[in-house]
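Only one structure is covered here, and it is reproduced in the block below.
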Amino acid sequence: MNFSDEMMAPVMFAGLAVMLLTGFPVAFALAANGMLFAFIGFEMGLLQPELLQALPQRLFGIMGNQVLLAIPFFTFMGIILERSGMAEDLLDTVGQLFGKVRGGIAYAVIFVGALLAATTGVLAASVIAMGLISLPVMLRYGYDGRIAAGVICASGTLAQVLPPSLVLIVMADVLGASVGDMYLGSVLPGLMLVAMLAIFIFLVTVFKPKMLPALPPEYRRLRGAPLYRHALVVMVPPLVLIFLVLGTIFMGVATPTEGGAMGAVGALGLALAKRRLDWKLLRQASHSTALLSSFVMFILIGSTVFALTFRAVDGDLWVEHLFVQIPGGQLGFIIVVNTIIFLLGFFIDFFEIAFIVLPLLAPVADKIGLDLVWFGVMIGMNMQTSFLTPPFGFALFYLRSVAPSEITTMQIYKGVVPFVIVQLIALALVVSFPALVYTLTGGKKVVDTTGVKIEIPKNDYTTGGGGGIYGPGANPYAPSGPSDQGGTTPAQAAPGTQK
């Protein structure tokens, strides 16, 4: 192998990094990089032009992938629920329930963030809704601005790790894993993270009670039985919708795509029941869904073009050799991968990480014996922190767009730091205790191939009596002359039947 062969893959990867750093759109950077180095490979004699003949089939395969249909369904469902006022109703009601407890609104934000994550799966909707509704109330009644901003951002990012997360759908498709298994595997880690956020708020109320005071009685408009009845009316519909979507998927009644379709219909039903469904809402939801779906599809098409050329120049082997040489075996690989993903989260979106980095890491993870479902959940937990890490965390931008003027950008940055630490502790627990993922999925599914036996039919099709795919006497390769009972001579035998 000459110098050009060895350097083609790293130079191609470096070229992609340069394109991304210049601000070129990710989807077009991937496709342009793949096509550019494909033609360079043709000119240098490293690749054959026939390579690009595989491209149309791969693109049609993307468009025919039914798993990806779940993305527009869940996006549409989340936007309908967000625009129909479900977040506002939940925040107000749960705030009333927890209001008399010190830090009650912070608990309410965490609980509602988990509910919104399990119904909408859309980060922007959760952060913006809670920033508009809960943040002014928290500031009005003496909450510390840093803790208030941090808990809203952290609770909003739960939409990335709790099903029906779009991140999990994309990662399942990239890893070649089951979306249902990915959803099941993320349930316990997601609920553990919710509990850890609540525990952190409790510790703050114990050691620094002035930062999270209880709400005064005038805020709590409802008490006793009327409050519980109102809470029941508000909370039952989203819980039913969660069962309608996730319950049917977990029980095997519906595929994730079918579950997403039922969720979209259920969201329309809830909006209609609240008399908030109109043509304007439908138009906005359809437009936003089309934008996000097109965004995902274009990135996926671009990454397919890039991957075709990158693998043709043995880029996958280059990446594999880099990571196989990491000391420490599986643990060393896990530490390095998590470090890379965490650092990339400061600068690029989770879609770019999923479509660019994950396809390079997945074959190595599979080769060293890691379960891809557990690996995907771990990466999902890690990528969740990318929404919180300054200076480019998307949750920070969403909250900054709706936060009142007394909340500074630096306060938001400082407020999310302890919650990033909480999420990193949760990630460490997932790495240390894989049973958090395996408990519901049933562990790594290993196919025992020792008992597999392949038998090749020994019938002599040339005699016409063996049948086979042509039927008795219908073999077009059979000689026209008579044959003895021992079969044809070697000179007469059909292609591939000579002994």
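The values are calculated or read from the model by the stated rules, or taken from the named source; none is laboratory data. Only a predicted model underlies this, so the values are computations on that prediction, with no experimental measurement involved. Please note: Cβ atoms are built from the backbone with ideal geometry, for glycine as well, and neighbour counts cover all protein chains shown. The protein model used for the area step is the full one, side chains on, heavy atoms only, and it has no ligands, DNA or RNA in it. Shrake-Rupley method; radii C 1.70, N 1.55, O 1.52, S 1.80 Å.
Can you tell me which of D371, D316 is within 19 Å of the chain's Cα centre (by Cα) and of a type outside the set (A, V, I, L, M, F, W, C)?
That would be D371, the only listed residue that is within 19 Å of the chain's Cα centre (by Cα) and of a type outside the set (A, V, I, L, M, F, W, C).
Quick one: is V373 open to solvent by less than 50 Å² (accessible area, probe 1.4 Å) and either of a type in the set (F, W, Y) or within 25 Å of F28 (Cα to Cα) (or both)?
Judged against the criteria, V373 is not a match.
Is it true that L193 is open to solvent by 10 Å² or more (accessible area, probe 1.4 Å) and either within 17 Å of F250 (Cα to Cα) or not polar (S, T, N, Q) (or both)?
Judged against the criteria, L193 is not a match.
For residues in the range 71-85 being open to solvent by less than 10 Å² (accessible area, probe 1.4 Å) and assigned to a helix (DSSP H, G or I), which is nearest to V234 (Cα to Cα)?
L81
Return the pairs, sorted by first residue and then second, in which the second residue is β-branched (V, I, T) and open to solvent by 10 Å² or more (accessible area, probe 1.4 Å), the first residue lies in the range 140-163 and is farther than 13 Å from Q423 by Cβ and part of a helix (DSSP H, G or I), the beta carbons are less than 7 Å apart, and the residues are 6+ apart or on different chains.
I147/V204; A159/V122
When the residues of the range 308-336 are filtered to those that are surrounded by 17 or more Cβ atoms within 10 Å (Cβ to Cβ) and small (G, A, S), which remaining residue is nearest to F355 (Cα to Cα)?
Selected residue: G315.
Can you name the residue in the range 378-415 that is touching a Pro at 6+ places or on another chain (Cβ under 7 Å) and assigned to a helix (DSSP H, G or I) and, of all such residues, is surrounded by the fewest Cβ atoms within 10 Å (Cβ to Cβ)?
In this case the residue turns out to be Y413.
Would you please list the contacts, defined by Cβ atoms under 7 Å and residues six or more apart or on different chains, that run from a residue in the range 296-307 that is open to solvent by 30 Å² or more (accessible area, probe 1.4 Å) to a residue that is of a type outside the set (D, E, K, R) and not in a helix (DSSP H, G or I)?
So the pair list comes out empty.
Given (1) surrounded by fewer than 24 Cβ atoms within 10 Å (Cβ to Cβ); (2) over 23 Å from the mean Cα position of the chain (by Cα); (3) touching a residue at least 60 places away in the same chain (Cβ under 8 Å); (4) over 24 Å from S84 (Cα atoms), where does L132 come up short, assuming only one miss?
All conditions are met except number (4).
Please specify each residue of the range 135-160 satisfying the condition of being surrounded by fewer than 24 Cβ atoms within 10 Å (Cβ to Cβ), farther than 17 Å from L396 by Cα and of a type in the set (A, V, I, L, M, F, W, C).
Answer for the range 135-160, where residues must be surrounded by fewer than 24 Cβ atoms within 10 Å (Cβ to Cβ), farther than 17 Å from L396 by Cα and of a type in the set (A, V, I, L, M, F, W, C): V137, L139.
Can you tell me which of A267, A285, A271 is farther than 28 Å from V26 by Cβ and in contact with a Phe, Trp or Tyr (Cβ under 9 Å, 6 or more places away or on another chain)?
Just one listed residue meets the conditions, A267.
Looking at G328 and the list (1) closer than 18 Å to T385 by Cα; (2) without any contact (Cβ under 8 Å) to a residue 12 or more places away in the chain; (3) not polar (S, T, N, Q), which single condition is not satisfied?
For G328, the exception is condition (1).
Of everything in the range 212-265, what is among the β-branched types (V, I, T), open to solvent by 70 Å² or more (accessible area, probe 1.4 Å) and in a helix (DSSP H, G or I)? Give them in sequence order.
Result: V233, V240, V265.
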